[in-house]
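Colleague: Before I ask anything, here is the structure I am working with.
The values are calculated or read from the model by the stated rules, or taken from the named source; none is laboratory data. Everything numeric here is computed off the predicted structure, so don't read it as measured data. As a convention, Cβ positions derive from the backbone with ideal geometry for all residues, glycine included, and neighbour counts pool all protein chains shown. For accessibility, only protein heavy atoms count, side chains too; no ligands or nucleic acids. Shrake-Rupley method; radii C 1.70, N 1.55, O 1.52, S 1.80 Å.
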Amino acid sequence: MSGSSPVETVVVHPLVLLSVVDHYNRIDKVSSQKRVVGCLLGSLSKGVLDVSNSFAVPFDEDEKDPDVYFLDHDYLETMYSMFKKVNAREKIVGWYHTGPKLHPNDIKINEIFKNYCSDSVLVIIDAKPKDLGLPTDAYISVDEVHDDGTPTTRTFDHVRSEIGAEEAEEVGVEHLLRDIKDTTVGSLSQHLTTLVTALKSLFSKLDDISVYLGQVTDGTLPVNHPIIYQLQDVFNLLPNLNIPQLMDAFTVKTNDQNLVMYTASIIRAVIALHSLINNKTSNCAAEKDGVKKVEVEKEDKEEKEKDTSKEDSNKKDVKST
């Protein structure tokens, strides 16, 4: 590979993910198109590409012939001019599609977006992820130099991607998650579910590493020294579990954390029961007060009726005399 890219990390905001999923669902209802394409907006600072906004772009392609596709340039330029009026700091930084994998014509489409951004980044956002982990994969085009002296070709190089959000976006995401989460489930079960999901993701990553090392050992894949160095760093960070003192420390720490969690869950259950009893007590007292009030009003009404009847009888007696 040749040519160094100024982009080292791509940070995708939740607003972009929501916009892409909405774009995919709208097109999926009215068309048989397998993927959608759009433009990414953001800014680049110190090697970190901050993708803060996006918009959809009309796109169509022939699944059998990758050279046949349509991308609406006029629509792209019109939408970008309107977005620029709202926020001039957001520039075109690349494009996205819902993949979920790279397509043969992605290089050609990326060259189109290079007319608007010299370091155009492709972010593949899986709208229907089946595996655990981040639904984003970022790539940037580079020149691939061949050892046999043939001309260089353009290919994609993977760039690290992550999900990031500002404070206002975090508040919005929390409100959305409130509607998704099951309120009948306690915090302990949610914590355990999160741990299980994390362990499944870790197992998937370890399985990928095992498959890769097996293919390198068999000679199917060439040795990539940077990857081997990173794996060695990961293994060096693993604790030595053969030390009894370390195992005892892990056990004590885990037991202490579990004790705090169980105690908090019991206290929460007791407080909920206490609130329920107080609520029922107040409701019963209110019902009794309501019954007494009705009885008092009924007695007052009966006394008034008696008084009026007495007055009427007295008036009749006066008239008769």
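Colleague: Hey, Ile228 hits all of (1) assigned to a helix (DSSP H, G or I); (2) at pLDDT below 80; (3) not charged (D, E, K, R) but one; which does it fall short on?
Modeller: (2)
Colleague: Name the single residue, out of those in segment 145-161 being closer than 29 Å to Leu206 by Cα and open to solvent by 60 Å² or more (accessible area, probe 1.4 Å), that is nearest to the chain's Cα centre (by Cα).
Modeller: Arg160
Colleague: Would you say Asp137 is on the phi < 0 side of the Ramachandran plot, surrounded by 14 or more Cβ atoms within 10 Å (Cβ to Cβ), out of contact with any helix residue (DSSP H, G or I) (no Cβ under 9 Å at 6 or more places or on another chain) and not in a strand (DSSP E or B)?
Modeller: Answer is no for this residue.
Colleague: Moving to a separate point now. Tell me yes or no: at least one residue of segment 128-142 is under 28 Å from Lys46 (Cβ atoms) and either among the acidic types (Asp, Glu) or free of Cβ contacts under 8 Å to residues at least 24 places away in the same chain (or both).
Modeller: Scanning segment 128-142 turns up at least one residue that is under 28 Å from Lys46 (Cβ atoms) and either among the acidic types (Asp, Glu) or free of Cβ contacts under 8 Å to residues at least 24 places away in the same chain (or both).
Colleague: Okay, next question. Checking the structure you have, find out if any residue of segment 25-34 is aliphatic (A, V, I, L, M) and in a helix (DSSP H, G or I).
Modeller: yes
Colleague: Say whether the condition of being acidic (Asp, Glu), free of Cβ contacts under 8 Å to residues at least 24 places away in the same chain, more than 23 Å from Val7 (Cα to Cα) and out of contact with any Pro (no Cβ under 9 Å at 6 or more places or on another chain) is met by at least one residue in segment 157-175.
Modeller: Yes: segment 157-175 contains one or more residues that are acidic (Asp, Glu), free of Cβ contacts under 8 Å to residues at least 24 places away in the same chain, more than 23 Å from Val7 (Cα to Cα) and out of contact with any Pro (no Cβ under 9 Å at 6 or more places or on another chain).
Colleague: Moving on to the next point. Before we move on, is Lys128 within 16 Å of Leu17 (Cα to Cα), exposed (fewer than 14 other Cβ atoms within 10 Å of the Cβ) and not hydrophobic (A, V, I, L, M, F, W, C)?
Modeller: yes
Colleague: Can you confirm whether segment 272-286 contains a residue that is open to solvent by 80 Å² or more (accessible area, probe 1.4 Å), assigned to a helix (DSSP H, G or I) and in contact (Cβ under 8 Å) with a residue 24 or more places away in the chain?
Modeller: No: zero hits.
Colleague: Output the residues belonging to segment 39-88 that are hydrophobic (A, V, I, L, M, F, W, C), more than 18 Å from Asp119 (Cα to Cα) and not in a strand (DSSP E or B).
Modeller: Val68, Met79, Met82, Phe83, Val86, Ala88
Colleague: In segment 246-263, what count of residues is obtained for those that are without any contact (Cβ under 8 Å) to a residue 60 or more places away in the chain, of a type in the set (A, V, I, L, M) and either open to solvent by 100 Å² or more (accessible area, probe 1.4 Å) or closer than 12 Å to Leu188 by Cβ (or both)?
Modeller: Result for segment 246-263: 2.
Colleague: Please enumerate the residues belonging to segment 84-100 that are of a type outside the set (Val, Ile, Thr), over 17 Å from Pro58 (Cα atoms) and surrounded by 18 or more Cβ atoms within 10 Å (Cβ to Cβ).
Modeller: Listed by number, the list holds a single entry, Glu90.
Colleague: Please give the number of the condition Pro239 fails out of (1) touching a residue at least 12 places away in the same chain (Cβ under 8 Å); (2) outside any helix (DSSP H, G or I); (3) not charged (D, E, K, R).
Modeller: (1)
Colleague: Follow-up question, since we're still on this one. Go through the residues of segment 183-190 one by one and say whether even a single one is surrounded by 12 or more Cβ atoms within 10 Å (Cβ to Cβ) and under 17 Å from the mean Cα position of the chain (by Cα).
Modeller: Yes, that holds for at least one residue.
Colleague: Let me ask something additional. What single numbered condition from (1) open to solvent by 60 Å² or more (accessible area, probe 1.4 Å); (2) at pLDDT 90 or above; (3) of a type in the set (Ser, Thr, Tyr); (4) within 23 Å of Leu134 (Cα to Cα) fails to hold for Thr194?
Modeller: So the condition that Thr194 fails would be (2).
Colleague: Follow-up question, since we're still on this one. In segment 101-115, how many are touching a residue at least 60 places away in the same chain (Cβ under 8 Å) and either assigned to a loop (DSSP other than H, G, I, E, B) or exposed (fewer than 15 other Cβ atoms within 10 Å of the Cβ) (or both)?
Modeller: So the answer is 1.
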